[in-house]
Amino acid sequence: MVKKIITFLILATLVSCSSSKPTIATTKKAAAVQRPRVATTKKQAPVKPIGKNYPSTNNTTEVIQSTSKTVVTSDLINNYILQFKDIAMGNMQKYGIPASIILAQGILESGAGKGDLALDANNHFGIKCHNDWLGESVRHDDDSAQECFRKYTEASESYRDHALFLVGKKRYASLFTYEKDDYKAWAKGLRACGYATDPNYPDKLISYIERYNLHQYDCQVTGRNYKPFEKSTPPAKSPSNSNSNVNPNDPNLYEVQKGDTLYSISKKFNVLVDDLKQKNNLSDNALSIGQKLKVK
């Protein structure tokens, strides 16, 4: 009996010792997760193109006299050139008309795309209907009131029709005897063939060609080397006002307003266009806004 009691006490002691043994908890360290680094860049302002395709000029303002008077800037003209230079070079390759002449005429006749006919009818060359035109048309005051001008769906059609107009009319045949890139001969030839009545028309075309380096597009077609003009020719001057010294309060004088033509003024004062031209020593129908005309 005593042995059983002693044995029981020994077993109880052993059990209590094993239950008091400290427990060690282990945890597995999780691997650190790194987030990807996002690279940031500072947004830069757009860079204005320069070089041959965008001649560097001061952003000056000038008035272009076409079928309407249009105030434009040199930047506007540059943008016009960039928009239509490829069409002009394509027409040069296909029809033999200098790209420089095409662009210069487009600038002058359309007011760099901002003239009334360009905006209303996509007509960039001031081409009138004539008897062979079967397309749409618009009416616009020019040498006479409400003359018929061709209307196009888009400007590229006007460029194509301009080429076909020159190629298809016999009176312009002499132009195609000139060298493709002789823009000075073409400018003078257009005036001689009757494309425009303005005696300064050739000088205006040449001025645009040389100020805006349009001859480079002729050279791209012909493969010849091009040298940019270092000195720009000053803008073509508006027709001089022969009555600038006359008293502005004179009731016999009329100040030309935007949209006026010799024809509209002649109707307003019941005089003939030829009489107006004679009274004011005008050699053509070109007018300038603010110009004073003798009307009586």
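When Leu82, Leu108 are checked against the criterion of being within 20 Å of Gly189 (Cβ to Cβ), under 14 Å from the mean Cα position of the chain (by Cα) and touching a residue at least 12 places away in the same chain (Cβ under 8 Å), Leu108 stands alone in meeting it.
The condition of being closer than 29 Å to Ser288 by Cβ and either surrounded by fewer than 17 Cβ atoms within 10 Å (Cβ to Cβ) or among the β-branched types (Val, Ile, Thr) (or both) holds for only one of Leu134, Leu119, Leu108, Leu103, that being Leu119. On the given criteria, is Ala173 closer than 24 Å to Gly223 by Cα and in a helix (DSSP H, G or I)? No.
Checked against the criterion of being among the polar types (S, T, N, Q), under 16 Å from Leu214 (Cβ atoms) and in contact (Cβ under 8 Å) with a residue 24 or more places away in the chain, the candidates Ser100, Ser156, Ser144 yield just one match: Ser100. Is one or more of the residues making up the stretch 194-213 outside any loop (DSSP other than H, G, I, E, B) and closer than 20 Å to Thr261 by Cβ? There is at least one residue in the stretch 194-213 that is outside any loop (DSSP other than H, G, I, E, B) and closer than 20 Å to Thr261 by Cβ.
Bear in mind these aren't lab numbers, they're just calculated from the coordinates by the rules spelled out. Fair warning: this is a prediction, and the values are worked out from it, not measured in the lab. For neighbour counting, all protein chains shown are included, and Cβ atoms are generated from backbone atoms with ideal geometry for every residue, glycine included.
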